[in-house]
Structure formats: C-alpha cells, structure tokens
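Taking it in order: structure first as structure tokens, then the write-up.
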Amino acid sequence: MTLLDIKNLNLSMRSFEGETQILHGIDLKVERGEIWGMVGETGSGKSLTGLSVSRLIPPATGRYLAGSIEFEGRDVLKAGEKEMRALRGRKIGMIFQDPTTNLNPVFRIGTQLVDVALHAGHADPTVLGLEPGASSRDLKKAAKRVAVEMLDKVGIPKAAERIHDYPHQFSGGMRQRVLIAMAMIGKPDLLIADEPTTALDVSVQAQILKLIHDLVAERNIGVLMITHNLGVVAQICSHVAVMYRGRILERGLVTDVLKKPSHVYTQALLNSIPTAHTKRGELRGLGGVMPEVQ
Amino acid sequence: MLEINNVSKIFPGQRKGLFGQAEGFKALDDVSLRVTRGKSFGLVGESGSGKTTLTRCILKLETLTSGNILYEGADIARLAPAEMRRLRARLQIVFQDPYASLDPRMTIHDIVAEPLVIHRDIVPMTSRQRTERVLELLLQVGLRAEHLFRYPHEFSGGQRQRIGIARALAVKPEFLILDEPTSALDVSVQADVLNLLHRLQEELGLTYFFISHDLGVIRYICDDVAVIYRGKLVESGPVADIFERPTNEYTRMLLNAMPDPDPDRSPFRTVASV
Ligand SMILES: Nc1ncnc2c1ncn2[C@@H]1O[C@H](COP(=O)(O)OP(=O)(O)OP(=O)(O)O)[C@@H](O)[C@H]1O
Ligand SMILES: Nc1ncnc2c1ncn2[C@@H]1O[C@H](COP(=O)(O)OP(=O)(O)OP(=O)(O)O)[C@@H](O)[C@H]1O
Ligand SMILES: [Mg+2]
Ligand SMILES: [Mg+2]
C-alpha cells in the first residue's frame, strides 16, 4: 500500500481581506523507502502541504476545496481528532519550519523530549527498546535514556548535561536539532521535515542527513523533505518535486530532474546557486523567466 | 569601523542548591576581529559556536566577560544611553529566527515602520511618508502592497525573513548585521536579496557583518571571512585565500562538507529505489 498519497489537494486560506486559494491540485505519492525532496518558490505552499498531512492547519483559517490525503489508505482529512493524535508523533513525525510551534520556552529541553518519548512509548513500548506491556516505571526510565541518546545523536555536545537547559539557552541550530530529535523519537513511518537543516553548519548538516538516511535504510520509512537547499536534495533525496505558486511544476528522480531539468523554473533555480566563479552582482535569480501566472 | 578585541563571554551555569553554581559555559573565547567600512565581513562556523552571541554583544544585549568592542573607535560599553540610542539608528540587525523575531500582534506595516518611529528624532517623517517608505521597502525585498496590513502568522518562512530585512533597512543604517538572512529563501529569491544588498552597498557604502552556514553565499557576498569553532576564532582573512588555501583543519572539513548540487556526487546515492 502506498504510504502517502496526496490527490488533487486544493486549499484556500482565509485572511483579513478574504479567501485566497493557495494550493491548486497537488498530487504526490510517497512510497516506503523513498525520500522526496520538495523545493521551490518561497510562499508557494510547501509548508502548508506538509502541515496538511498532519492535519495541522486550523479549520478556522484553512479550507480544503477538493482532494484527499491518504496515509496508508486512510484519508487524514476525514479522520477524527483522536485518530490524528495517535498518528502524530507516532506514525507521522514532523519537523516544523517554525521552532516555536513545538518548543515551549518555559520547560526544559529534557522535559519536552521525555514527554514525546513517553507519548510514543505508551502507544508502542518497542520504540523505546522495551517489551510490549512494559511497566510505566520502565517506560519512564527508558524515555529518559532515549531522550539523552537522541540529543546526542543529533550532535549536541554533553547531551546528558544540556538536557537540563531551557530553549533560550540553545543556539538556533541547537533548537532545530531538538526538533529533529523529537520527530525521530517515535520512530515514525513517515517523516515530514520542513527545512530541517537551515540553521546547521554543513558538517552537522551532513550528520543529520546521515541520520535520516539510516532511518530510511533501517526501517524502510518514507520521507518528505521540504528544503531550499538543492545540494541537500542532490545528496539525500531519491525523488524531487518542484513547487511554484501552489502547483507542482516538475517531479521525478533526483538524478533526472537535477541533471536534466525540463521546466525553465527548475533551470532558473539551478542557475541561481552561487558558484566559485560567480562575480558579485551577477547572480541571475529568476530574471523574468516565469511569466506572471496570476 | 568595528573592532572586536579579545572578547570572551561566559554564561553562568545552572544554580545548584542555595549557594553552589555549576561551571559556566564559555560561548566566546578571546575573539578578535576587524570589520572594514564599506566591506562585507563573513562569519561562519559550527552551529552553537557563538556567532549569534557575538552579534548580541555588539548590540550590547549581552555584557562581555572580558575584552572590548570599538565602533568607530568608541568603546560601546562606555557609551551613555543617549549615545547608544543614536548608534542603534545606524546599526541594524536582521535576526536569525524569522519566526521569533516578529511581534505577532503587529501588522507588517507597523513592524517595518517601528525603527522609523523609534528613531523619529533622527529620521523625521510624517506618518504618510513612513507608509510610503515601508511600501518601497517591501517592494524592494519582493513583497507586495497587499501584504501591508497582514500579520506575521499569515506569512511563510521566507516571506517573514524578508520582512525582517525590510525592517533593518528602514532607517538606512550604515552597518548591518545579518544573522542567516537568507536561510529561509529559495535560491532565486536569495539571489535577488543578495543582489539588492550588493547594490545598496555600492550606492550607499554600507558595511555588512554577515553570518551564514551557506559557504557559497559567503564566498559570493563577502570580502573577508572568519571561521569560528567552539567559541574560538580559528582562521580569518580574505575570502579568496580562505576558500582556496584553508590552513585550519576545521575550515578544510567545512569546505569538504559543502553539499554539491550534483546528485552523482552524493555519498548516499546507493539508497532507496535509485
Ligand atoms: N495563516 C495564513 N493565512 C493566510 N495566508 C497564509 C497563512 N499561512 C500561509 N499563508 C500564505 O500561503 C502561502 C504559502 O505558505 P507556505 O508557508 O506554505 O509557503 P512555503 O512554500 O512553505 O514558503 P517558505 O519556503 O517561504 O517557507 C504564502 O503565500 C502565505 O502568505
Ligand atoms: N542565554 C544563554 N545561556 C546559556 N548559554 C547560552 C545562552 N545563549 C547562548 N548560549 C550558548 O552559547 C553557545 C553559542 O550560542 P550562539 O547562539 O551564539 O551560537 P551560534 O554560533 O549562533 O549557533 P547557530 O549557528 O546554531 O545559530 C551555545 O552553546 C549556546 O547553548
Ligand atoms: Mg515554509
Ligand atoms: Mg545563531
């Protein structure tokens, strides 16, 4: 069964001046073992697509005009809130672009990680390395151990000590890594990662990519990775979809799309990356290749 | 223009019991560097190595444990509050986190106009002129007039980041600190923003203090670069030298870890269904 199947997703968002359609018929399938990159224009609807899969767009502002999002055959847009709570953080892991949605400034990093680990452990003790039916004392102990382990895996030095820090004592990139740890603790079947490495230096970034890569190799999960970094896509993704103004312009194997882009927008993106030889002021950007679609 | 001399910053450790305190955390360790007027200075380094802390020290949002910071020869630690306020009008910052740095209760118009209001004695404007300036700034960073009266939560990450850039440019500062200013932008918008910064520098002689994890961006926009690792400056010099002939082990490692947009060069390419 297809892990994630987004069909003809149409979403509009309400704001002060009225309703605007943001997503215009998104179709996307993610199978187990695949790492999909999603790249494209800022404001084109990548985050809203990702949030839709966990059904995290407030019903007061977002309205689905058409379409469905099937996770293992079940339409999440029609699922009850209780069912969604069981999926989130457990079967569907999400790394948010906005760290403030998932990190509470008044609790220690450790407390928040342990909470997530316990939530996952109650549903399935094996994610904490325990036998089914483990006692809640064992769960608590294991949750603490796993929290430190994960923080260590995402490259926070002296994880066992720093777990007692509050979020404001962490740097931008360290906070981002806490979110990555949180999303991975539940050993999800589908990982949605929205700009997971923007605040990381290239060497820590490589370490995180390896972590995601190993998770896919070990557990045969599927990943949807939203990123602006085409280098990251080239390194880790098997497939890529290119978004522009709420539509997917082009998709396919990374080796095809990045090497032989068929859409002018994708070509323009690739040409916008500064290389060792680009002189200052000569970077091209879109330079009018995209006629206004609206 | 900016001189940072032997700056160290230690954050106090956790309190232990009534009198005890854990060992402090040394975020900056004897850092010295110089930023030349009209040039772009790049700072790169490990995540958590003290880059943001250094910018907070420059803005006097943190007190130094030792060392000093001179702006045009004046020690900022000794500036009287009124002088510091005048300096703040010339020295602006684009904060790293586009989500935490915009007040959720203010409209975009008010956010971008805020520095113009705070420094109205230095840049006197009628409220009409202010709105025109805000609009001009939004257009410069690729946003539109219809965005003026919306609130931050209605914007994507990259749109918020550009709002932060517009706000920092509002008072026409002479020195701009940019902490990861393009991390949330797609590469084509990033190219536009970098070109805008370059143009402003040519026209107005701005000085930039540019922090980025994207080494390609640093190479493109900066004249000089410094590499920081665990609070210590490990290497600095002209961009061409550091990128072509790095002498430090950590710098070399960083350069090698730059992800190549050519999929054939991926270390993982054997994975999945490919
Ligand atoms: N709560 C909201 N109310 C109204 N409009 C919104 C809201 N949230 C997002 N939008 C609009 O929806 C569009 C898509 O936003 P989204 O966050 O999905 O973009 P994105 O592709 O993730 O961009 P980025 O790469 O900059 O993060 C944007 O134009 C944004 O202004
Ligand atoms: N208020 C604070 N209290 C205690 N420690 C702090 C505080 N602020 C920062 N630190 C620590 O100082 C170190 C440097 O943080 P800083 O934010 O300057 O890093 P950075 O180089 O900007 O990293 P990044 O690239 O991830 O943003 C980190 O280890 C961080 O945990
Ligand atoms: Mg986004
Ligand atoms: Mg920082």
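The values are calculated or read from the model by the stated rules, or taken from the named source; none is laboratory data. Keep in mind it's a predicted model, so treat the numbers as computed, not measured. Don't worry about glycine lacking a Cβ; one is built from the backbone with ideal geometry, like all the others, and counts go over all protein chains shown. What goes into the accessible areas is simple: the full protein's heavy atoms, side chains included, and nothing from ligands, DNA or RNA. Shrake-Rupley method; radii C 1.70, N 1.55, O 1.52, S 1.80 Å.
Looking at residue B:260, is it of a type in the set (Asp, Glu) and part of a loop (DSSP other than H, G, I, E, B)?
yes
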| query | Yes or no: residue A:177 more than 8 Å from chain B (Cβ to nearest Cβ) and not in a loop (DSSP other than H, G, I, E, B)? | reply | no
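Let's see how each residue does on (1) open to solvent by 40 Å² or more (accessible area, probe 1.4 Å); (2) within 16 Å of ligand 2 (Cβ to nearest atom); (3) not in a loop (DSSP other than H, G, I, E, B):
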residue: A:9; (1), (2), (3): no, no, yes
residue: A:20; (1), (2), (3): yes, no, yes
residue: A:58; (1), (2), (3): yes, no, no
residue: A:79; (1), (2), (3): no, no, no
| message | Looking at B:207, B:182, can you tell me which residue is within 12 Å of chain A (Cβ to nearest Cβ) and within 28 Å of residue B:28 (Cβ to Cβ)? | response | B:182
| request: Quickly run through segment A:23-46 and pick out the residues that are facing another protein chain (nearest Cβ under 8 Å) and closer than 16 Å to residue A:188 by Cα. | output: A:31, A:33, A:34, A:35
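Results for (1) more than 23 Å from residue A:230 (Cα to Cα); (2) in a helix (DSSP H, G or I); (3) free of Cβ contacts under 8 Å to residues at least 24 places away in the same chain, shown as yes or no for each residue.
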| residue | (1), (2), (3) |
| --- | --- |
| B:163 | yes, yes, no |
| B:168 | yes, yes, no |
| B:191 | no, yes, yes |
| B:197 | no, yes, no |
| So, in segment A:214-247, of the ones that are over 18 Å from residue A:176 (Cβ atoms) and open to solvent by 30 Å² or more (accessible area, probe 1.4 Å), which residue ends up nearest to the other protein chains (Cβ to nearest Cβ)? | A:217
| Within segment B:110-135, which residues are of a type outside the set (A, V, I, L, M), under 22 Å from the mean Cα position of the chain (by Cα) and in a helix (DSSP H, G or I)? | B:110, B:114, B:115
| query | Somewhere in segment B:40-52, is a residue part of a helix (DSSP H, G or I), without any contact (Cβ under 8 Å) to a residue 40 or more places away in the chain, of a type in the set (D, E, K, R) and closer than 21 Å to residue B:236 by Cβ? | reply | no
| query | Do we find that residue A:43 is open to solvent by less than 20 Å² (accessible area, probe 1.4 Å), part of a loop (DSSP other than H, G, I, E, B) and within 26 Å of residue A:249 (Cα to Cα) in this structure? | reply | no
| query | Can you find a residue in segment A:60-70 that is within 13 Å of another protein chain (Cβ to nearest Cβ), in contact (Cβ under 8 Å) with a residue 12 or more places away in the chain and within 16 Å of ligand 3 (Cβ to nearest atom)? | reply | yes
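Just one of A:143, A:117, A:147, A:160 is surrounded by fewer than 22 Cβ atoms within 10 Å (Cβ to Cβ) and more than 16 Å from ligand 4 (Cβ to nearest atom); which is it?
The unique qualifying residue is A:160.
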| task | Output the number of residues of segment B:75-97 satisfying the condition of being crowded, with 20+ Cβ neighbours inside 10 Å, at pLDDT below 90 and aliphatic (A, V, I, L, M). | result | 0
| If you check every pair at least six apart or on different chains, which have Cβ atoms under 8 Å apart with a residue in segment B:249-261 that is within 9 Å of chain A (Cβ to nearest Cβ) and in contact (Cβ under 8 Å) with a residue 24 or more places away in the chain first and a residue that is part of a helix (DSSP H, G or I) and not hydroxyl-bearing (Ser, Thr, Tyr) second? | B:254/A:202; B:254/B:215; B:255/B:215; B:255/B:243; B:258/A:202; B:258/A:231; B:258/B:215; B:258/B:216
| query | Can you name the residue in segment B:150-179 that is at the interface with another protein chain (Cβ under 10 Å from one of its Cβ atoms), of a type outside the set (D, E, K, R) and away from ligand 2 (no atom under 16 Å from the Cβ) and, of all such residues, is surrounded by the most Cβ atoms within 10 Å (Cβ to Cβ)? | reply | B:158
